[in-house]
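Taking it in order: structure first as structure tokens, then the write-up.
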Amino acid sequence: MNTKLLQQTSIIMIILIVSLPIVAAQSLNVVKIVGQDNVDGYLRSRDSVTIEVLANIPQETTIDRTQVWLILGQTRAPFDDCTQQGNSTNYKCTLTAPNFQAFQKLTFTIELQTDAGDIVGSQTRTVIVDALSPAIKDFGIEPELSGGDITLTYITEDYGLQQGSLTDCAGIKEIKVISEGQTILSDTAPPGTCSKDNNVPHTITQEGEHDLCITAADHVNHTAIPQCVTVTIDRTPPEITDLAIVDANNFEITHVKSGQERTAAVQVIIEDTGEVESTTVRANLAQLNPDLANELPPDLSQQDLFIWENINVFAVTPCTVTITAEDVLGNRKQQLLNCNIGEDDTPPTVTGLQSQQTRSNIPLYSLNSDLVVVFEDKDNNNAQGIGLQRTQAFLDLRTLGLGEFVQAERCDFVSNKWECFWTLNPPARIAEGEYTIKAVRGTADDLDNVLPQEVPLTLIYDNTPPTNISLVNFTALTGQETYGLPEGQEVAVRGARVKYTMRALGAIDATANFSAIGGSEDVAGNCFEDNEGYLACDFEEDVELSGPYFAPITFTFSDDAGNKAVHQTELEIFDIQEEIPAYWNENPEITCSPSIISRRTASVVAPLVTCKIALRTPHPNVETLSIQAPTVDECVGGELDLNNIRMINTAPGSKNPYFFINLERKNYYQDQINITCPINIYSVKRTSTGGDQFHIASPNAQTINVHLQIPFYDAPLKDIYEQRQDDIKDAIDRDFATQEWLGDLNQILHYGELLCQANAMITGILNAFYLMTVAFKGMPPPTDYATEPIGTSFCTIEETVFESYIGTIKPYLDQFCKVANCAASASEFTEVPTGIGDMAAWCSSWAEGLQDANLVTEGGFDLGGMAQESGLQAINVKDSLIWSTVCLCLPGIIKNLEELRQVSCFKAVCLNDYVRGYDYVADNPTEPVRPEFCDEMESYLTCTYIIGELFAAIPFWGIFEQLVDLIMDLIADPFSVLPLAVGVYCYTQCPIPDTPAVIACASFKLLSVTLEAAYTVARMSEEKDLLKVPNNARYCERLSDIESEIKEGKGTEGLT
């Protein structure tokens, strides 16, 4: 049994020995656990982690990612992938965590499993998490002032998760010392080194101050806050300069009086990069005073100033002073300094006044200006003297209301001369003008060399500043930024450019202070003299600051004397509101005039409509800045009707702009026009801050659509004219207008009138020839008148010529003319039937009675005879339809009925020629006659005829009318009374035997008859249409032509 047990044990041991190489071949090796800084075993608190392992299982040909696991506490995660390494059985497996976060030290376990899930390998790793930066605990340089060799001392520490803890850190990676951008020292350490210190010698060769800065970084690249120390490298000895020999008042001694000495203090400046060792400073002053020791230490030292006191000096030219000094580093310097002390026994001299302005070549000064007197001071060698540092210069200013011995306030050495200053401030009682002041004795240089005599100086004093400063114009122009504000309406906002135009009287230049808006304090104006003698200046500056606030702007005007006048104004700087406002109601109240348009008028004249746009807003603190008018193209709805649109009353603050709308001139058939036009409103809003009101401007306009309704009434003129054809036909068909036989009879009467005119012309010619024969050849008068005086024959020659020479023809012509003119009487002849051309008995009896009446005045004036001789008749029967009818005068009846027919024809002619005859087109500038014109003219002509007939029916109205015409002629032409007066006079003289008066009257009669005959011939020869239609028949003649045109088809032309 023991033997059997031994055999079994042996078999087991053999199996174990055989399988041992297989187990030993299985492996798991963690290659690295790194973050983004690639330092194995060290991570940041927030990092991107990569874990890499090598795995090998000989009995398995592949290893996938699910066979390698990361275990952290209770968390298990497979690796991301496993990749075979060449043809071996080794696999590289990786796991990445890009968003890793941890705030403690971590311990990982990594397991390798077979396909069956058996664990065949395991490793555990600890990872340090570093969340803190390193710190520079100490950094020093010895010495800080050096000739070049220094020692750098530093202590640095690194912390992981707890400040001050020197365990579990990533460790100091590198320490750097940097100077002028160059690394002069680098010290490194391995990971995990939480503290590092060192003392490092270093040499700097360049002189001057050097800033040395130290910094440190750990292995996860956290960086320490740098620390810097300044070191000074000094290899240069001290600088010894600025030798000065001064008196007790610290005035420089450059001169002494001849044979005298002065007590002085010798001063020098000794400077060094580091520090001067004061115990090494020595001075050799033997040339100033031979009695002094060669090496004298200073009596006082104040920083870089070293002083040797109570040194008695003499005149010596030239001289030298030797100064020796060392700095604390042992850099030594010996310096020779030149000096010069001359002899000066000469007083100063006055060269004159100095001023910035002159008037008539005389120095000009204003109130509170600097009065400057220029002195020249020479020494005994005519070189620069001691000078006037002690300001011992005095003026007598009593002429200006000031003191008798006024000392200068200061004296400056400028361009080898001394300028001494007094503030000129006379009392108010001192008037402007020219004054003389004096430089008085007592004026002396610093060695008390006194001015030998007073020196008068002339000046002009002007204390009146410019006056009448006023603002002429202000504009805010588009500057660096426009903000979209409308052109010409910019306000003062940041980026705008403001422009002021100011003017003043009596100024020569001006400046402005724009510092309150971010501009310059002294902006010179662009000035010119205007036509009123004022100085006008333009100032421009950009607004650099944002509102809202009120900026004070100051303008200073100066005259030629330097008097200044200041004017200040406030400029409101607006704030800007960028968003589009909605302050104004979208439906403003609109009122238009005219409220309705006549279509008839619009056909002739282009309508003009004025509309008031009443803008409304519920915001009481909002105002308009600008209102922009629309263009015709922007308006919708009246594209074919709208000709032009413009807008007024758009200034800032306006809430009632007005549209002026021009429509096209044409025929309108719609009831109304609906037009919508946009207007852009730029607004400002008032706001209060601290009791002050400011404005906020909006660069964006609010657009409001204005809806306009323009209604029409009545009919277009074109349609009215198209209706006139029917009116013309109605006028043609009127009963009275168709009585053409009246025209024919009137034509016959017209020819009879022409025959009568020829009779009168022949009679006038024969009369003229006869009178000339009697007057110039002595022809005796006719036998029938032989018993009368020659003068009587001349006076009545008009009635006797035809009885002598044409006894057979003229009676018939006269009788015919009387019939034609309704002037014959029944008593004259019986051959003509009553009622054709003669007057009825009741019409002729009163006329004959007037002619036969014995109406002789006390002076012998026969009214009835004059009426007969002159042809004056109270009533022309033929001219009146009423009297022609009453007196049975057929020619008069025909003539007046024809006139009524012509009035009836006139309307048809007017409608055809003056209304329809115009081709009416809307864009034709020629305007036709209104149709109403014809109706009105017909009514007027009819009324005139009827009223004329009523007056013609009144007895003796003709006499009154002739008298009135005579008086009117006399008023219009006073000389026209001469022929009448001569006629009346000659009429009274004709019955008297031959006298000079009768001969004169006969001569006048001869001249009158001759001229009348010539006029009659000329008039008959000028009449071109004697045999055509009489003038009073022209309308009906035209009507006949119109009827012919209508029949020929031309009657509708011109009607559109």
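Computed from the coordinates by the stated procedures, all read-outs in this text should not be read as laboratory data. Just so it is clear, the model here is predicted, and its values are computed rather than measured. Note: ideal-geometry Cβ built from the backbone for every residue, glycine included; neighbour counts use all protein chains shown.
Do the alpha carbons of any pairs in Lys92/Lys176; Lys105/Lys137; Lys895/Lys1005; Lys612/Lys685; Lys612/Lys666; Lys105/Lys176 sit beyond 32 Å of each other, and which pairs? Don't jump to the answer; show the numbers that get you there.
Numbers: Lys92/Lys176 39 Å; Lys105/Lys137 25 Å; Lys895/Lys1005 35 Å; Lys612/Lys685 24 Å; Lys612/Lys666 25 Å; Lys105/Lys176 29 Å.
Flagged as over cut-off: Lys92/Lys176; Lys895/Lys1005.
Put one equal scatterer on each alpha carbon of the range 467-576, apply the Debye formula with no solvent term, and list log10 I(q)/I(0) at q = 0.12, 0.13, 0.20, 0.24 1/Å to two decimals.
The Cα Debye sum returns log10 ratios of -0.41, -0.47, -0.97, -1.26.
Could you state the principal axis extents of the C-alpha atoms in the range 349-462, from the largest down, to the nearest angstrom?
Sorted from largest, the Cα extents of the range 349-462 read 45, 25, 21 Å.
At a Förster radius of 56 Å, what calculated FRET efficiency corresponds to the Cβ-Cβ distance of Gln74 and Thr188, to the nearest 0.05? Could you put the intermediate results ahead of the total?
On the way: r = 40 Å, r/R0 = 0.72.
The value I calculate is 0.90.
Could you list the residues of the range 31-69 with an amide nitrogen less than 12 Å from a label point located 7 Å from the Cα of Asn221 in the Cα-to-C-beta direction?
35-39, 44, 48
Where a ≥ b ≥ c are the square roots of the eigenvalues of the C-alpha gyration tensor, would you call the range 402-452 rounded, which needs a/c under 1.5, or, failing that, prolate if a/b is larger than b/c, or oblate?
Cα axes put the range 402-452 in the prolate bin.
Sort 162-171, 423-432 by the packing proxy (mean of other Cβ within 10 Å over each peptide's residues), most packed first. Please report the intermediate quantities before stating the final value.
Values: 162-171: 16.9, 423-432: 12.3.
For the peptides 162-171, 423-432, the packing ranking is 162-171, 423-432.
What is the distance, in nm, between label points placed 7 Å from the Cα along the Cα-to-Cβ direction at Ser520 and at Asn381?
4.8
Once the Cβ-Cβ distance between Glu432 and Asn361 is put in as r, and R0 is 30 Å, what FRET efficiency do you end up with, to the nearest 0.05? Can you show the working numbers first?
Values: r = 18 Å, r/R0 = 0.59.
Efficiency at R0 = 30 Å is approximately 0.95.
Please compute the length gained on full extension between Thr942 and Asp509, using 0.36 nm multiplied by the number of residues separating them and subtracting their Cα-Cα distance.
Details: separation 433, 0.36 × 433 = 155.88 nm, distance 8.43 nm.
Additional length available on full extension: 147.4 nm.
Given the range 545-690 reduced to its alpha-carbon atoms as identical point scatterers, what log10 I(q)/I(0) does the Debye formula return at q = 0.12, 0.16, 0.19, 0.21 Å⁻¹?
Debye intensities relative to I(0), on a log10 scale: -0.67, -0.93, -1.15, -1.29.
Please list 409-418, 268-277 highest first by mean number of surrounding beta-carbon atoms within 10 Å per residue. Intermediate results must be reported in sequence, preceding the final value.
Values: 409-418: 13.8, 268-277: 19.0.
Result, highest mean Cβ count within 10 Å first: 268-277, 409-418.
Give me the number: length gained by fully extending Asp1041 to Thr464, i.e. 0.36 nm times residue separation minus the C-alpha to C-alpha distance, one decimal in nm. Walk me through the numbers before you get to the answer.
Numbers: separation 577, 0.36 × 577 = 207.72 nm, distance 9.49 nm.
Full extension from Asp1041 to Thr464 adds 198.2 nm.
7 Å from Cα along Cα→Cβ at both Glu207 and Leu166: what's the point-to-point distance in nm?
4.4
Placing unit charges on C-beta atoms (Lys and Arg positive, Asp and Glu negative, everything else neutral), compute the dipole magnitude of the range 239-343 about its Cα centre in debye, rounded to 20.
Numbers: 5 positive and 17 negative charges, 80 e Å.
The calculation lands at about 380 debye.
How far apart, in nm, are the 7 Å Cα→Cβ label points at Thr423 and Ser122?
Going from the Thr423 label point to the Ser122 one covers 10.0 nm.
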